[in-house]
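Following: one structure in C-alpha cells, then a few remarks.
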Amino acid sequence: MIYEDKESTKESIKQRAIMEGTVREKRKILIVDDVEMNRIVLEEIIKNMGYEPVLAEDGEEALEKAKECIPQLILTDISMPGMNGYELCSILKKNEKTRNIPVVFISAFDNPQDIVEGFSLGGEDYITKPFIPELVQARVIVHLRLYEAKLELMEMNRRLQVSVSEQLKQMELEKKNILYALANIAAKNSSYKEEHLKRLGKNCGVLAQGMQLSPLFEDKISDTYIDTIELAAPLCDIGNIGIPMEILRKNTDLTEEETAIVKTHAEIGAKLLQDLHVTTDYNDFIKMSIDIAHYHHENWDGSGYPDRLKEDSIPLSAQIVSIIATYCLLTEQNYSREEVLELMKRDSGVKFNPDIFSICCKISRQFC
C-alpha cells in the first residue's frame with residue numbers, strides 16, 4: 001500500500017481540493033469495503049479532501065446507508081461476501097432515488113473483463129488497489145463534478161419543460177378566450193339572452209353527470225368528460241359568426257335559400273375549431289367542441305343536418321347539447337320547466353335520444 005508521509009499527503013490533497021473549488025460544502029462519499037483497513041485508508045483520503053465519508057462493510061449495509069443519506073458518490077469494492085459490488089451497483093441503478101449517483105469500483109484486480117462488466121452495469125470508473133491518494137482524489141473530484149453537472153442539466157431541463165408547459169397553457173388559455181369571445185358575438189348576433197351560453201354549458205354538465213349514474217352511459221362518461229362538455233358546449237353555435245346578422249335576426253320566416261345559409265353554421269364552426277387543433281391535452285376540449293359544433297343539429301331519426309347522421313352515429317356530446325340547447329331556448333321564452341319538457345317529449349325518439357331525454361326529465365329540477 002502506498003501511503004507514506006501521511007501529513008504531507010494530507011496537505012497536498014487539501015490544497016488541491018481548495019484550488020479546484022471543491023471545498024464549498026460537505027459532500028457525502030459512501031465507501032463500501034469488507035476490509036477494515038481499506039475503509040480506513042479511503043476514509044482518511046475523503047476527510048482530507050473536505051468531504052464526509054460514510055462507511056459500509058457490505059452491500060446490504062450500503063443500500064441502507066444510500067437510502068438514508070443519498071451520497072453524491074459511491075466507492076465500492078467488487079469482491080465482497082454476500083452481495084458483491086456488481087450486484088450492489090445493479091440494484092442502485094434500478095432505484096429511481098439512487099440511479100444517478102456515480103459508482104466507482106475499487107479492486108485489487110485490473111482484469112479488462114471485470115472493468116467492462118462494471119461499465120455495463122452502469123459504473124462510472126474503476127480504481128485499483130493499493131490506493132494512490134492523488135489518483136483517488138482526482139477520480140473523486142472528476143466524478144463529483146460530472147455528477148453535479150448532470151444534476152444541473154437535469155434541473156435546467158426540468159425548468160425548461162415547466163417553462164414550455166406554462167407557455168403552452170397560456171397559449172391554450174388565450175385560444176379559449178378568443179373562442180368564447182367569438183361565441184359571445186355569435187350569440188348576440190342571434191339575439192340570445194346574455195346568460196344563454198353559461199346556462200347551456202352548466203346544464204350540459206348537469207345532464208352528463210346524471211347520465212354517468214345510469215348503467216347505459218356510466219362507461220362512456222368520466223369526470224373529465226363532464227368538465228369538458230361544460231366548457232365545450234357554449235361553442236356549439238360559434239359558426240353563426242359567419243352567418244349574416246340580418247338573416248340571424250330576421251323576424252319572419254326564412255326563405256329556402258336563407259335556411260340553407262343558416263345550416264352552414266355547423267360546418268363553419270367545425271372548420272374554425274379544426275384550425276386550432278393541436279397535439280396537447282387541449283385536444284380533448286377541441287375535439288369535443290368540433291363534434292358539438294358540427295353535429296348538434298343532427299336528429300336521432302336521421303332527419304337532421306349537415307350529414308343526416310342517425311342514432312349512435314351522432315357523437316354523444318352533440319346528443320347532449322341538442323337536448324339542452326332546446327331546453328334553454330324554450331325556457332328563455334318564458335315557458336315553465338314542465339311546459340318545456342312536455343313540448344320536447346314529442347321529439348323524443350325523433351330529434352332526441354330517448355334514453356338521454358328520459359334522464360333529462362328526471363333531473364330537470366337541477367337545471368339552472
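Please work out which residue is modelled with the lowest pLDDT, limiting yourself to the range 105-129 and to residues that are in contact with a Cys (Cβ under 9 Å, 6 or more places away or on another chain) and more than 17 Å from N38 (Cβ to Cβ).
Filtering first and then ranking leaves G118.
List the number of the failed condition for Q113; all other conditions in (1) closer than 17 Å to L55 by Cβ; (2) among the polar types (S, T, N, Q); (3) in a helix (DSSP H, G or I) hold.
(1) is the only condition that Q113 fails.
Just checking, how many residues over the range 320-342 are in a helix (DSSP H, G or I) and open to solvent by 70 Å² or more (accessible area, probe 1.4 Å)?
Final tally of qualifying residues: 3.
Test of understanding: among A208, A232, A293, which residue is touching a Gly at 6+ places or on another chain (Cβ under 7 Å) and modelled with pLDDT of 90 or more?
Just a single option satisfies the conditions, and that option is A293.
Anything in the range 218-238 that is part of a loop (DSSP other than H, G, I, E, B) and either open to solvent by less than 80 Å² (accessible area, probe 1.4 Å) or on the phi > 0 side of the Ramachandran plot (or both)? List them, or say none.
If the condition is that a residue be part of a loop (DSSP other than H, G, I, E, B) and either open to solvent by less than 80 Å² (accessible area, probe 1.4 Å) or on the phi > 0 side of the Ramachandran plot (or both), then I221, S222, C236, D237 are the ones that fit.
For the range 93-108, name all the residues that are under 14 Å from L30 (Cβ atoms) and open to solvent by less than 10 Å² (accessible area, probe 1.4 Å).
Once the filter is applied, which keeps residues that are under 14 Å from L30 (Cβ atoms) and open to solvent by less than 10 Å² (accessible area, probe 1.4 Å), the range 93-108 yields T98, I101, P102, V103, V104, F105, I106.
Mind listing whichever residues of the range 330-361 are under 14 Å from N203 (Cβ atoms) and touching a residue at least 40 places away in the same chain (Cβ under 8 Å)?
Of everything in the range 330-361, those that are under 14 Å from N203 (Cβ atoms) and touching a residue at least 40 places away in the same chain (Cβ under 8 Å) turn out to be E332, I356, I359, C360.
Quick check, is L182 part of a helix (DSSP H, G or I), hydrophobic (A, V, I, L, M, F, W, C) and open to solvent by 40 Å² or more (accessible area, probe 1.4 Å)?
Here the answer is yes, as L182 does meet what is asked.
Have a look at A149, A62, A66 and point out the one that is out of contact with any helix residue (DSSP H, G or I) (no Cβ under 9 Å at 6 or more places or on another chain) and either aliphatic (A, V, I, L, M) or surrounded by fewer than 17 Cβ atoms within 10 Å (Cβ to Cβ) (or both).
A149
Would the range 37-59 turn up any residue that is surrounded by 15 or more Cβ atoms within 10 Å (Cβ to Cβ), polar (S, T, N, Q) and modelled with pLDDT of 90 or more?
The answer is yes, given that some residue of the range 37-59 is surrounded by 15 or more Cβ atoms within 10 Å (Cβ to Cβ), polar (S, T, N, Q) and modelled with pLDDT of 90 or more.
Out of E195, E152, E148, which single residue is within 30 Å of Q72 (Cβ to Cβ), acidic (D, E) and over 26 Å from the mean Cα position of the chain (by Cα)?
Only one candidate qualifies: E148.
Of these, S317, S303, which one is out of contact with any Phe, Trp or Tyr (no Cβ under 7 Å at 6 or more places or on another chain), open to solvent by less than 30 Å² (accessible area, probe 1.4 Å) and either assigned to a helix (DSSP H, G or I) or not hydrophobic (A, V, I, L, M, F, W, C) (or both)?
Checking each option against the conditions leaves just S317.
Taking the residues in the range 185-217 that are open to solvent by 90 Å² or more (accessible area, probe 1.4 Å) and of a type outside the set (D, E) as candidates, determine which candidate is nearest to M245 (Cα to Cα).
K188
The values are calculated or read from the model by the stated rules, or taken from the named source; none is laboratory data. Because the structure is predicted, anything quoted here is derived from the model rather than measured. All Cβ positions, even for glycine, are placed from backbone atoms using ideal geometry, and neighbour counts span all protein chains on display. These area figures cover heavy atoms from the full protein model, side chains too; ligands, DNA and RNA do not enter into them. Shrake-Rupley method; radii C 1.70, N 1.55, O 1.52, S 1.80 Å.
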